[in-house]
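The values are calculated or read from the model by the stated rules, or taken from the named source; none is laboratory data. What you see is a predicted model, and the numbers here were worked out from it, not measured in a lab. FYI the Cβ positions are ideal-geometry reconstructions off the backbone, even for glycines, and counts take in every protein chain you see. Surface accessibility is based on the protein's heavy atoms, side chains included, excluding ligands, DNA and RNA. Shrake-Rupley method; radii C 1.70, N 1.55, O 1.52, S 1.80 Å.
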Amino acid sequence: MKHGIYYSYWEHEWSAKFGPYVEKVAKLGFDIIEVAAHHINEYSEADLAAIKQSAKDNGIILTAGIGPSKTKNLSSPDADVRKAGKAFFEQTLTNVAKLDIKTIGGALHSYWPVDYSKPVDKEGDRARGVEGIHGIADFANDLGINLCIEVLNRFENHVLNTAAEGVAFVTEVGKPNVKVMLDTFHMNIEEDSFGEAIRTAGPLLGHFHTGESNRRVPGVGRMPWHEIGLALREINYTGAVVMEPFVKTGGTIGSDIRVWRDLTNGADEAKMDEDARNALAFSRFVLGG
Ligand SMILES: O=C(CO)[C@H](O)[C@H](O)[C@H](O)CO
Ligand SMILES: [Mn+2]
């Protein structure tokens, strides 16, 4: 098991440059940095080459996260949007591969966060989502990338809210590089049992996000970490465990994540770093790896 952190912990915008964080997370002791792929198509070839080299020099693996915008929604009822989504993913995956990234996770099958001022068509969106993911899976596979379909809570997405729904979706897609992704923050809202949800995903679990129920770093709240660690060991999970803390107000990240109060307790960057380092030690101990 390898442990990582989403660099957005320190940032306010998904567009924030992730290059400088490679060295920072290495110094904190992480194995992985997760980067936002939302704006990767704006990086130059030279930028991508430099980041890849920095990861190599620092012994860091990169993974990618993405919340596709409404205009790139693979499950949209509008065929032009689906087409734009496919083109966007092909370009994004091509650039992601330049960083040797083997895992991209998020609401790849839909868009995020969902606009609930419009009527919801769960069945239709799900069917088009299966088709959309099926349509980009081989492209990703040829680049050596796994598509990890994130199960989100009801307030952020309607298509997949439970591990069981994630497993049914991924099974229907039926491609070896399309996997289920779970996140303890979302599971805490939707699942009856953390252990059971992880066992339900079993060998299909491709990526795992962690955070407390208020999205603070693992180890400071009331998440049942021992139960989660036992279940991950039971299914012999050897993939990435990426903590995804969101503690700062402001910017697009603050508003997309609905962070309306300072969850850092006024921490400066040094204290944020220390919190991340402590959360990593806690995660290695309780979850393994
Ligand atoms: O858990 C999440 C959203 O609540 C997601 O992992 C990411 O934050 C989102 O896809 C943006 O990268
Ligand atoms: Mn997540």
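Placing +1 on the Cβ of every Lys and Arg and -1 on the Cβ of every Asp and Glu, with nothing else charged, gives the chain a dipole about its Cα centre of roughly 200 debye. Think of a 1.4 Å ball rolled over the protein heavy atoms: segment 2-287 then has 41 Å² of accessible area per residue. Exposure check, 1.4 Å probe, all protein chains in place: Val130 carries approximately 20 Å² of accessible surface. Between segment 1-66 and segment 228-279, the alpha-carbon centres lie 15 Å apart.
Normalised by the number of residues in the chain, the average gap of Cα pairs under 8 Å and 6 or more apart makes the relative contact order 19 percent. All other residues whose Cβ lies under 14 angstrom from that of Val120 are scored, Lys and Arg at +1 and Asp and Glu at -1, for a net of +1. Put simply, when 278-287, 31-40 are sorted by average Cβ atoms within 10 angstrom per residue, most first, you get 31-40, 278-287. The peptide list 171-179, 117-125, put in order of mean Cβ contacts within 10 Å with the highest first, becomes 171-179, 117-125. Helices that extend 18 Å or more along their long axis by alpha-carbon positions and average at least -0.5 on the Kyte-Doolittle scale are, among the DSSP H runs of the chain, 79-97, 269-287. Based on DSSP H segments of at least four residues, each scored -39500 (n - 2.57), the chain has a per-residue ellipticity at 222 nm of -13500 deg cm²/dmol. Taking the square roots of five times each eigenvalue of the Cα gyration tensor of segment 2-287, the equivalent ellipsoid has semi-axes of 26, 22, 19 Å, listed largest first.
Dipole of segment 2-287 computed with +1 at Lys/Arg Cβ and -1 at Asp/Glu Cβ about the Cα centre; of Trp225, Thr238, Phe208, farthest Cα towards the positive end is Thr238. Based on the convex hull around the alpha carbon atoms, segment 1-67 presents an average projected area of 4.4 nm². If you plug the beta carbon distance of Asp262 and Arg233 into 1/(1 + (r/R0)^6) with R0 = 30 Å, you get a FRET efficiency near 0.30.
Taking the accessible area of segment 2-287, probe 1.4 Å, and keeping the other protein chains in place, the carbon and sulfur fraction comes to 51%.
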